[in-house]
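Values in this text are rule-based calculations from the coordinates and carry no lab data. Small disclaimer: the values here were computed from a predicted structure and weren't measured. Note: ideal-geometry Cβ built from the backbone for every residue, glycine included; neighbour counts use all protein chains shown.
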Amino acid sequence: MSKIRAAITATGGYVPDRVLTNFDLEKMVDTTDEWIRTRTGIEERHILEDGKATSDMCVEAVNQILQKKKIKADEIDMILVATVTPDLVFPSTSNIVCDKVGAKNAWGFDLSAACSGFLYAMETGARFIETGAAKKVLVCGGDKMSSIIDYQDRNTCIIFGDGAGAVLLEPTEEEVGVMDSILKADGSGREFLHQKAGGSLRPATHETVDERMHFVYQEGKTVFKFAVTNMANVSKEIMDRNNLSGDDVSYLVAHQANLRIIDATAKRMEIGEDKVLINIDKYGNTTAGTIPLLLNDFEKQFNKGDNLILSTFGGGFTWGSIYLKWAYNS
Ligand code: UT7
């Protein structure tokens, strides 16, 4: 019997309408459009309105998939949500998405791995498909980063945006889908990128709020160094392990944190610019949303059998790559 693999069979994506440009940020903090563009590649990002949450963006992405595939919500077995900005501490955003889309026969959970969350969740969903435990798994990655960003801190507020994407995983016996994966973590990196309060270590108090401890804290330069090395290394490692040369790779689908990190990874993989998918200019860093948003934006460009390398690096530290063979022509 041939091996069952998990294939992406549809994508969806959503960013809010409201746009926050570099020029808007010039009026809020001491920065310039030129600095942001040359240091990060970002031109604008999208911001979700008050009263809406990560689940609302995931619901938009999921509903696109249900419509595209003409499947009913009650046919879904699982919904996984990768996020660091859940609607509530509990219940999970997955539970809320299941309820909002009417996925009455689904179960699921949230997965927290910062910018690597979507790849961690995809790997998890793929295992449920490969073992036969599930037939239709929706994997969402999304964050309302604006809910944890300090718009007085120029080190972080210029980078992040809000958005979510989703993919449908289904079983296949063809030579497509998730072919290999390498996922890594090193929690000793937590001091360089984290949210200081709001968890069980430091629950919210007047003091934590006054000291602005509920926002993202990042030592950018240190994170940059780890990101450049580790994302490039893991991308090369998964290519070598699967005997893929730069010519064999159709596209690099990399976490959109900084254009310079993505360029360094592409260089290490020995692939040309035309194979590097970019949307950081429009969305900024949407944390768990970047990779599914890329897959959705470029879906029409992919052909069945294309070799995609999905790579990421983020808080934790967490990082990794998935080698995916695209399963369909749009
Ligand atoms: O997605 C999860 C993982 N995160 C990442 O991968 C992010 C990794 N880090 C980065 O992308 C970059 O480190 C940043 C974009 C955050 C910062 O870029 P950088 O080239 O590393 O800048 P820097 O922090 O070394 O700062 C250089 C200078 C400093 O001034 P001095 O000390 O040289 O006078 C900063 O104060 O730029 C200054 N600076 C700014 N200037 C204008 C920092 N932020 C800004 C700003 N506008 N927004």
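How about the chain: what cysteines have no other cysteine beta carbon under 4.7 Å from their own?
Unpaired cysteines in the chain: C98, C115, C157.
Let's test the formula: R0 of 22 Å, r as the Cβ-Cβ distance of D150 and S200. What FRET efficiency results, to the nearest 0.05? Provide the component values of the computation, followed by the final result.
Details: r = 22 Å, r/R0 = 1.00.
Approximately 0.50, to the nearest 0.05.
What number, in percent, do you get for the relative contact order of region 179-325 if the mean sequence gap of Cα pairs under 8 Å and at least 6 apart is divided by its residue count? Intermediate values should be presented prior to the final figure.
Details: 229 pairs, mean separation 53.5, N = 147.
Relative contact order comes out at 36 percent.
Once fully extended, how much extra length lies between E26 and D306, figured as 0.36 nm per residue of separation less the alpha-carbon to alpha-carbon distance?
96.7 nm
Any chance you could run the full-extension gain for N105 through E207? It's 0.36 nm times the residue separation minus the Cα-Cα distance, nm to one decimal.
32.4 nm is the gain from fully extending N105 to E207.
Just need the relative contact order of the chain here, percent rounded to a whole number, with Cα pairs under 8 Å and 6+ apart.
25 percent
For the chain, what D do you get in µm² per second when you plug the Kirkwood radius from alpha-carbon pairs into Stokes-Einstein at 10 °C and 1.306 mPa s?
Here the translational diffusion coefficient equals 81 µm²/s.
I'd like the projected area of region 76-177, averaged over all directions, using the convex hull of its alpha carbons. Report it in nm² with one decimal.
With the hull built on Cα positions only, its mean projection is 7.3 nm².
Which residue, W35, W319, W107, tops the fluctuation ranking in a GNM of the chain built on C-alpha contacts under 10 Å?
Result for the chain, Cα springs under 10 Å: W35 fluctuates most.
Per DSSP H run of n ≥ 4, the term is -39500 (n - 2.57); total these for the chain, divide by its residue number, and report the mean residue ellipticity at 222 nm rounded to 500 deg cm²/dmol. Before the final figure, lay out each step's value.
Numbers: 11 runs with 106 residues, N = 330.
After summing the helix terms and dividing by residue count, I get -9500 deg cm²/dmol.
Which one, D17, D110, D87, has the greatest fluctuation when you compute a Gaussian network model over the chain with C-alpha springs under 10 angstrom?
Fluctuation is largest for D17.
In the chain, what % of DSSP beta bridges are antiparallel (nearest 5)?
For the chain, the DSSP antiparallel bridge percentage is about 70.
Which of the peptides 138-150, 49-61 is most tightly packed, and how do the rest follow, going by the mean number of other Cβ atoms within 10 Å of each residue?
In decreasing order of mean packing, 138-150, 49-61 become 138-150, 49-61.
Which of the residue pairs K275/K304; K72/K135; K184/K225; K100/K300; K3/K68 have a Cα-Cα distance greater than 18 Å in the structure shown?
K100/K300; K3/K68
With springs only between Cα atoms under 10 Å apart, run a GNM on the chain and tell me which of R154, R45, R202 wobbles the most.
Evaluated over the chain, the most mobile residue of the options is R202.
To check you understand DSSP bridge types, tell me what percent of the beta bridges within region 179-325 (both residues inside) are antiparallel, rounded to 5. It would help to have the intermediate numbers written out before the result.
Working: 17 of 22 bridges.
About 75 percent, rounded to the nearest 5.
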